[in-house]
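See structure below.
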Amino acid sequence: MATGTKKLGKLYGVGVGPGDPELITLKGLKVLKAVSYVFTASSAKNEYSLSSRTIEPHLDDKKQLINLSFSMQKDTAVREKYWEKNSLLVLEKLREGKDVAFVTVGDPMTYSTFGYLMRTILEKEPETDIEIIPGITSYQAAAAAAKVVLSENNQNLFVMSGVEGIELLKNAPSDFLRSLNNIVVLKVYKKYGKIMKSLKELGLVDRAILVSNCTLKNETIKLGPELDGTSNQYPPYFSLLLIRKNEN
């Protein structure tokens, strides 16, 4: 139950797209201009927030931005401490009766910190009113930048995280791998060398497209023949792979 006599404010999860300030939806922008506080997210290792930089051009100087640091460590217990701490900071404003927004790069329901925060808040205040504003995902923007059709007709699209490499594909039954038409590998940063080695073993390097810093000024697109299948060099942090197993 909400504490005191005030009604809980409303929490909005707002996807602000891949980084270009012009790719925020009209509805998302309307919410950001209406709420009392906007929470952004950054890594506990630094205070850089792409979501903050994406929305700042649209907000007036009086808008109260609050940055929340989240741990990216594998240790769940460590990450849960940050979810707990940050949920209390958001709840403090909600319990004052204030409407607030938590902005996330891409979409709030796709590999987003918002999901963890939302669940933690609901554990404490099950009656919290939550509305989610979807955003353009990084792989949608990357496909547009590379002019690659992700799927059409009866084709399928397989989206996976590269945080642990792509062992799922390497170890999958051959009929499963053959059934995949199009593959997206997100979060390829630290495991890039391992991922490229796996793609080489699967014969998919020439079908891969590496898109980095999509929609930003330093965006780069590298096609399969340009990629080193054994490289141990990290690409930029905001990088993903598009893999078209079939021709467009």
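The values are calculated or read from the model by the stated rules, or taken from the named source; none is laboratory data. None of the values given here were measured: they were computed from a predicted structure. Note: ideal-geometry Cβ built from the backbone for every residue, glycine included; neighbour counts use all protein chains shown.
Descriptive notes on the structure:
- Hey, Gln233 assigned to a loop (DSSP other than H, G, I, E, B), in contact (Cβ under 8 Å) with a residue 60 or more places away in the chain and outside the structural domain of Glu22 (by TED's automatic domain parsing) or not: no
- Applying a threshold of 8 Å to beta carbon distances and a minimum spacing of six or more residues, or different chains, the list of pairs starting in the range 147-166 at a residue that is within 23 Å of Tyr192 (Cβ to Cβ) and in a strand (DSSP E or B) and ending at one that is of a type in the set (Gly, Ala, Ser) and at pLDDT below 95 reads Leu157/Ser151; Gly165/Ser198.
- When Leu168 is tested against (1) of a type in the set (A, V, I, L, M); (2) assigned by TED's automatic domain parsing to the domain that holds Asn67; (3) within 23 Å of the chain's Cα centre (by Cα), exactly one condition is not met: (2).
- Any hit, the range 191-204, residues being of a type in the set (Ser, Thr, Tyr) and assigned to a strand (DSSP E or B): no
- In the set (1) without any contact (Cβ under 8 Å) to a residue 24 or more places away in the chain; (2) within 19 Å of Ser51 (Cβ to Cβ), the condition left unmet by Leu122 is number (2).
- Enumeration of residues in the range 104-138 that are in contact with a Gly (Cβ under 6 Å, 6 or more places away or on another chain) and either exposed (fewer than 15 other Cβ atoms within 10 Å of the Cβ) or of a type in the set (Phe, Trp, Tyr) (or both): Phe114
- Annotation note: Cβ proximity below 6 Å between a residue of the range 18-43 that is more than 24 Å from Asn86 (Cα to Cα) and a residue that is surrounded by fewer than 16 Cβ atoms within 10 Å (Cβ to Cβ) (sequence gap 6+ or interchain) occurs for Pro21/Pro57.
- Matching residues in the range 150-159 - criterion: being within 15 Å of Leu210 (Cα to Cα) and modelled with pLDDT of 95 or more: Val159
- Residue check for Ile132: aliphatic (A, V, I, L, M) and either outside any strand (DSSP E or B) or over 18 Å from the mean Cα position of the chain (by Cα) (or both): no
- Residue satisfying all of: in the range 67-95; among the small types (Gly, Ala, Ser) and surrounded by fewer than 20 Cβ atoms within 10 Å (Cβ to Cβ); nearest to Asp129 (Cα to Cα) among these: Ser69
- Residue identified as outside the structural domain of Thr104 (by TED's automatic domain parsing), surrounded by 13 or more Cβ atoms within 10 Å (Cβ to Cβ) and over 24 Å from Pro18 (Cβ atoms) among Leu157, Leu202, Leu186: Leu202
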